[in-house]
Amino acid sequence: MRLLEAAASHPGGAPAKQLAREAGLALPTAYHLLRTLNHEGYLRREKGVFVLGDAAERLSAGAVEQNRRAMIGETLEHWRDAIGVPVYFAIYRDGEIEVVSVADTSGNPAVEEWADFRETGHAHAIGQCLLAQLDDAARRDHLDRHPVRSLTPNTVRDDRTFLRRLEAVGRMTPVMEYQEYALGTVCAAIPVTVGTTAATMAISVPSSQASRLLPATRLLQAELGKLLRTLAFSISI
């Protein structure tokens, strides 16, 4: 790892002797490790110097992704504590619904994913909000791959009815869902559009506390502008 750190500090590459000295390693040990790192793709030898290889770059990309997700998680945790409800962040990417992060507590648990969120976007607020931000062709493509099906007595019954519902949703209007995905739970999702990517912030509460849903949604929506910079990082994850 010290050799990798030393190599990373030289964008143009560095020779084995210099890397060994900076890593505090004996030259024979450094040579042995450098050969191994080169063989495994973590370093690459070019014109007598070592530069980072593809495997090291994948590690770096993974670290960036983890940092971004951590930033999003901290933001959601702040609003979970401030509002007192589970908070979700999701995006629509490559034709699928992706829940990026969830913040909840044992006292206020998130909705249990008993049916795959990706396949049941017609039933939950997250999916409805994301699909409402798409054009008609993208919506129909999604439903061709993940057709409407009943999950509870409150779930929309067919594609045509669902598409009409989406058309009636204002582009930046919150979506409310009452026990359509899971009995005993009501949810709301607020649209977040960053560039051309559809995204959403969502909350959920037990149906016995449904009166909390609208005030909590309004509070989150009022503060949403402050969150956009942090949430935008997730678009490139």
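The values are calculated or read from the model by the stated rules, or taken from the named source; none is laboratory data. Because the structure is predicted, anything quoted here is derived from the model rather than measured. No Cβ is skipped: glycine too gets one built from the backbone with ideal geometry, and neighbour counts run over all protein chains shown. SASA here: full protein model, heavy atoms, side chains in, ligands and nucleic acids out. Shrake-Rupley method; radii C 1.70, N 1.55, O 1.52, S 1.80 Å.
About the centre of its Cα atoms, the stretch 156-209 shows a dipole size close to 120 debye [charges on the beta carbon of Lys, Arg (+1) and Asp, Glu (-1) only; nearest 20 debye].
Going through (i) 28; (ii) 43; (iii) 33, the figure that equals percent of Cα pairs over 29 Å apart as computed for the structure here is (ii). The long axis of helix 54-83 is offset from the longest Cα principal axis of the chain by roughly 40 degrees.
The stretch between K17 and S208, if pulled fully straight at 0.36 nm per residue, gains 61.9 nm over its current Cα-Cα span.
For the full complex of protein chains and a 1.4 angstrom probe, list H122, H146 by accessible area with the highest value first. Walk me through the intermediate numbers first.
Details: H122 5, H146 25 Å².
Result, largest first: H146, H122.
Just want the answer: with Cβ charges of +1 for Lys and Arg and -1 for Asp and Glu, which residue in Q179, P109, L3 is farthest toward the dipole's positive end in the chain? Farthest towards the positive pole: L3.
Relative to the current alpha-carbon distance between D144 and D54, full extension at 0.36 nm per residue lengthens the span by 28.6 nm.
For R2, R44, the ranking by accessible surface with the largest value first comes to R2, R44, using a 1.4 Å probe.
Relative to the longest principal axis of the Cα atoms of the chain, helix 213-232 runs at roughly 20 degrees. Of the candidates G73, G24, G195, which one comes out as most mobile in a Gaussian network treatment of the chain with C-alpha springs shorter than 10 Å? Comparing G73, G24, G195 in a Gaussian network model of the chain, the most mobile one is G24.
Could you give the size of the charge dipole of the chain about its Cα centre, using +1 on the Cβ of each K and R and -1 on the Cβ of each D and E, expressed in debye and rounded to the nearest 20?
Details: 26 positive and 28 negative charges, 127 e Å.
Value, rounded to 20: 620 debye.
The C-alpha atoms of the chain define a longest principal axis, and helix 159-168 lies at about 90 degrees to it. FRET efficiency for the M71 to D94 pair, using the beta carbon distance and R₀ = 25 Å, is estimated at 0.65.
How high is the FRET efficiency from R160 to T197, r the C-beta distance, R0 30 Å, rounded to 0.05?
On the way: r = 27 Å, r/R0 = 0.91.
Efficiency for this residue pair is about 0.65.
When F162, F117 are compared by accessible surface with a 1.4 Å probe, the order from highest to lowest is F117, F162.
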